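Quick note: the coordinates plus some simple rules give every number you see, no bench work behind them. In this text, all values refer to a predicted model and were calculated from it rather than measured experimentally. As a convention, Cβ positions derive from the backbone with ideal geometry for all residues, glycine included, and neighbour counts pool all protein chains shown.
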């Protein structure tokens, strides 16, 4: 009984205040009038008209980190960053320090992070919020700020289970990066055990203002709290010490050898990029918060764009758990001559294969319906683009969420094709009408679906599943080891809505201590519990 009382006492001392005053509404600053980002935006408008944006695919992991650094360094007035996960590793610290450096030179920074895994990091959050020109807010916070949150989760299941799965950075309201990547080494090719093959899009012009509408909607909602109300006290010495610690760790990180660890002028790189951009119109779509309620805004526009296909759909999505409607749609589309090619993870490219355990029964229906199904190889030939020198990881996973219809209509975003993305998390993405961008994405899709990068899932003469790549044909789903196969069978009993977006998840940045043994929270709205599964060291 004594330990229960002690726990309750500690929880009371580390809980959010009961009455938190609403923060004043704030909206994105007007687009900057000077600086290279403003100049690019102006050039696009003069050449292509208002409403048109310029786009560049961020396929290579090193490029994805480089261009984030470029936007942060070139910002002159504002930076808005919205992320589901921000990890305490080399890339996470590098980007955080550059954000702080931007604030120190006068850029107004708004940082919005999801609270799912922010355990024990309140002092760091409060410290960041106290840096001049930085405001930090937390989405859907836990009331209990310590570990051991099972009771609260049960009591607040309907709300705590909805997480902000978005990934977005906007600079000067002129440029934005959005897509599948969280902030962390595994998304930028710097993970030693594994790295994700992922996709973002860098956009200049109107797409930035459209993205600001997403940020403002969440920033001003009653689902977020300002960091300064968190139950943690920090003094200036703590802030200075933490700031200096981040700087030292960035300077000492050997894996960051390929990146500038100090801010630099990216004007020349930006000037070289402009002639290569793909131009088109865009619509940023997202799950909104209206009068405190989540309103789903993804399924209808995505469904309309896919159903409009007349020739081809190339779909790349990391986590697919379909239903019969999905299969019927494939059958209808292929029945009228549309070629559908789908790339997703194989068992071999998962770390904890909970999604695969619920996806695998749909392999045969997809193929029978006429879809061509491909699964990423953990030893894919593109691994050299996924890993970032000097890192050589043991295997790669797949994390992209994108498609192209008729080599013209492009979608890139955060949404998986699974129940969690459709019904629980909040998602975002951009629909782009651009023939040249569509062709560029189709070329990447063809590369990724090639036999040296993926298995094609097919049926043999007995209508049994087989997996075919450039080296061999196998009759059992590819896996890296027997342990994966064991987990795959065991996790079949877990409800499919527990199949969370990122089953390979190390600890998040804004946590002070980066543990070698991390834990993934796999949350289900179907059962009132939190499954905590220890992930391997990373």
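Overall form of the chain: oblate. Here a/c, set by the Cα gyration tensor axes a ≥ b ≥ c, is 1.5 or more, and a/b is not larger than b/c. How would the stretch 280-509 be classified by its alpha-carbon gyration tensor: rounded, prolate or oblate, with rounded meaning a/c under 1.5 and the a/b versus b/c comparison settling the rest? It is rounded, given that a/c, with a ≥ b ≥ c, falls under 1.5. Restricting attention to the chain, close to 70% of DSSP beta bridges with both partner residues there are antiparallel. Calculated [222 nm] ellipticity per residue, helices only, for the chain: -9500 deg cm²/dmol; basis is -39500 (n - 2.57) per DSSP H run with n ≥ 4, divided by all residues, nearest 500.
Most exposed first by the Cβ proxy, i.e. fewest other Cβ within 10 Å, how do 39, 293 rank? Listed from fewest to most nearby Cβ atoms, that is 293, 39. For the peptides 327-340, 396-409, residues were scored by their other Cβ atoms within 10 Å and the scores averaged per peptide; the highest-first order is 396-409, 327-340. Pairs of Cα atoms nearer than 8 Å and 6+ residues apart set the relative contact order; for the chain it is 19 percent. The spacing between the stretch 426-472 and the stretch 40-99, judged by their C-alpha centroids, is 27 Å.
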